[in-house]
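Working notes, structure below.
Any read-out appearing in this document is the output of simple, stated calculations on the displayed coordinates, not a laboratory observation. Nothing here was measured: the structure is a model prediction, and the numbers come from that model. Here the Cβ positions follow ideal geometry from the backbone for every residue, glycine too, while neighbour counts run over all protein chains shown.
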Number of protein chains: 2
Amino acid sequence: MENPSTLVEGHFPYKGKWGMNQSVVKALNMLELFTEDVDELTLKEIAIKANLPKPTAYRLLSSLEAMGYVHKLKNSEHDSRYRLGLKLLELGQLVADQLEVRKTALPFMESLAEQINEAVHLVIVNQHEATYIEKVESNKALRLYTRIGKSSPLYIGSGPKLLLAYLPEDEQEAIVTKTNNERLAQELMLIRERGYAFSIGEQDTDTTGISYPIYDHRNQVIAALTVSGLSSYFIGENLELIKEKTLQTAMDISNKLGYRSQLRKE
Amino acid sequence: MENPSTLVEGHFPYKGKWGMNQSVVKALNMLELFTEDVDELTLKEIAIKANLPKPTAYRLLSSLEAMGYVHKLKNSEHDSRYRLGLKLLELGQLVADQLEVRKTALPFMESLAEQINEAVHLVIVNQHEATYIEKVESNKALRLYTRIGKSSPLYIGSGPKLLLAYLPEDEQEAIVTKTNNERLAQELMLIRERGYAFSIGEQDTDTTGISYPIYDHRNQVIAALTVSGLSSYFIGENLELIKEKTLQTAMDISNKLGYRSQLRKE
DNA sequence: TCCTCCGTTTCAATATATGAAATGACATTT
DNA sequence: AAATGTCATTTCATATATTGAAACGGAGGA
């Protein structure tokens, strides 16, 4: 074993890091085989999907099961099915409670959603991606499909782009360079000038989003407050109302977080 | 290594299971060091609390970090702090969405909480314990402290006891025997007779809870609908109102789940 | 009855995790 | 300004825990 990294890189997408525990990576990878549509899997299915020998998958699943991360339903001796375990519900709840911005913003988001009757989202930066950490839906029949905890690139959608616009220069540049999109840099500048981000049909066709920054007590942007819905609603007078209410809400949240808007010295 | 189990049993509380992956168990154990009060930990703290050598803890944390289960904040080269990662938010959300009862019950729970203005909980059986999978709070100043995803023994509190009462006989007996509580068996019989469970000051002094069963399409009890609050509200006319509304809600949820109450043949 | 399919166990081989010790980078004290 | 202490991180020889092919045994179908 001259170069351990080749082994790791050969098997997993999580390359580069040496000294990582392979069993842990394999086990956690198995958890990601479960999705909305796939809430039950057999050992065989898991072994195949995870590209692991059956006994290995079996042992890793046993460990996950012992810790409550998966749950095994035995229909009969040779028909077992795995589901995600409730330990994940507990930890997910804990993470949600540990996100200060989220806890602070939620009641304001609910109020805003009621005022304008569009979906309201809260987005933060995480590991060079944008992560949706809270949402309040409109009560319209047609609803955006979004999922809390999911991430997207920082250059798609009004929330992500707003966050990108307020990132430290070096990080921002690294991402802009990668996208190879010349207009993006200009757009980010425009976002900072106007104080909000706009996107039409980026995440989904037919959908428009508008996002305002949320500041913390250090006067730094830590989240984006996003309103989104069918593009046809985001025009004229109604758009002005949305902008006004959303800005106001973003400010309310920021103030609650200790933000003090600087008085300009002219 | 004559008997591998001694090794495993010596180190972890998850005894008995051979062929479990120790690294996975150790890694997941580290996640449980985080609590409401402890949302940040240094490597040193984790190593000590998890009873692991620092390099081992370091490597396991690196694996968890690569998978998004923890997040490392580097304040400086030698001052890093770990937090739970947003991957857990995503998976927790997924688990929540995969719990059919929970999804079905939530709107009914909200309506009930509004009608009676007390906390409403949804409890299920999981691994011989009772797990709280949803809650809707009252808007009273004094609120019960509960946490979604948390488990408690099946013989404490009205929700757990109701679930215990409707468990298959063998499982029920196993638990009743363990508690060594003679009155418990009688109480469980009473619960089945009356169709609801009652508890005063069991989870917390000053708190009373009342629980009704929720049935699925197989006419089996799969969850408990629990209303709880300050004992002083659970008396007289108000108690009757609570009982009536809660029973009705439990039935509504059951019906939505496909329950068809059997017509008694007399 | 035979055959197939699954989850589970076995066991020898070895890849992999291990942890004491060293490192380097900073902060605090002397 | 030098010395000491503290922390995260890396190194490396060693042994242990993981590995997976093969076998097992029970269930169900042909």
Label-point gap, in nm, between B:Lys103 and A:Lys178 - each point 7 angstrom along Cα→Cβ: 3.3 nm
Relative packing of peptides A:166-172, B:146-152 - highest average C-beta neighbours within 10 Å first: B:146-152, A:166-172
Rounded to 10°, Cα long-axis angle of helix B:169-179 versus longest principal axis of chain B: 70 degrees
Residue closest to axis [chain A; rotation mapping onto B; Cβ; Å]: A:Gly92, 1
Ratio of Rg to Rh over the range A:133-266 (Cα coordinates, Kirkwood Rh, two decimals): 0.96
The range A:195-266 and the range B:109-139: distance between their alpha carbon centers, rounded to Å: 34 Å
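Taking each residue in A:63-72, count the Cβ atoms of any other chain within 10 Å of its Cβ, then average. What number comes out?
Average neighbour count from other chains, rounded to a whole number: 6.
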Inter-site label distance for B:Ala185 and B:Glu114 at 7 Å from Cα along Cβ, in nm: 4.6 nm
Range of Cα positions in chain A per principal axis (Å), largest first: 72, 47, 36
Fully extended contour minus Cα-Cα distance, from A:Asp204 to A:Arg147, at 0.36 nm per residue: 19.1 nm
Extended-chain gain in nm, criterion 0.36 nm per residue less alpha-carbon gap, A:Asn219 and A:Glu45: 57.7 nm
Dipole of chain B, positive end: most advanced residue of B:Leu52, B:Leu190, B:Gln127 [Cβ charges, Cα centre]: B:Leu52
Solvent-free Debye scattering, log10 I(q)/I(0), computed from the Cα coordinates of the range A:67-187 at q = 0.10, 0.19, 0.21 Å⁻¹: -0.48, -1.07, -1.16
Shielding of A:132-139 by partner chains, average beta-carbon count, 10 Å: 1
Shielding of A:26-34 by partner chains, average beta-carbon count, 10 Å: 4
Mean Cα-pair separation over length for the range A:98-256, i.e. relative contact order, pairs under 8 Å, 6 or more apart, %: 23 percent
Cubic angstrom per residue, convex hull over Cα atoms of the protein assembly as shown: 213 Å³
Enclosed volume per residue, in Å³, of the convex hull spanned by Cα atoms of the range A:10-143: 165 Å³
Helix B:87-98 axis, angle to chain B major axis (alpha carbon atoms, nearest 10°): 30 degrees
Footprinting exposure proxy for A:Leu84, A:Leu257, A:Leu241 (fewest neighbouring C-beta atoms within 10 Å first): A:Leu241, A:Leu257, A:Leu84
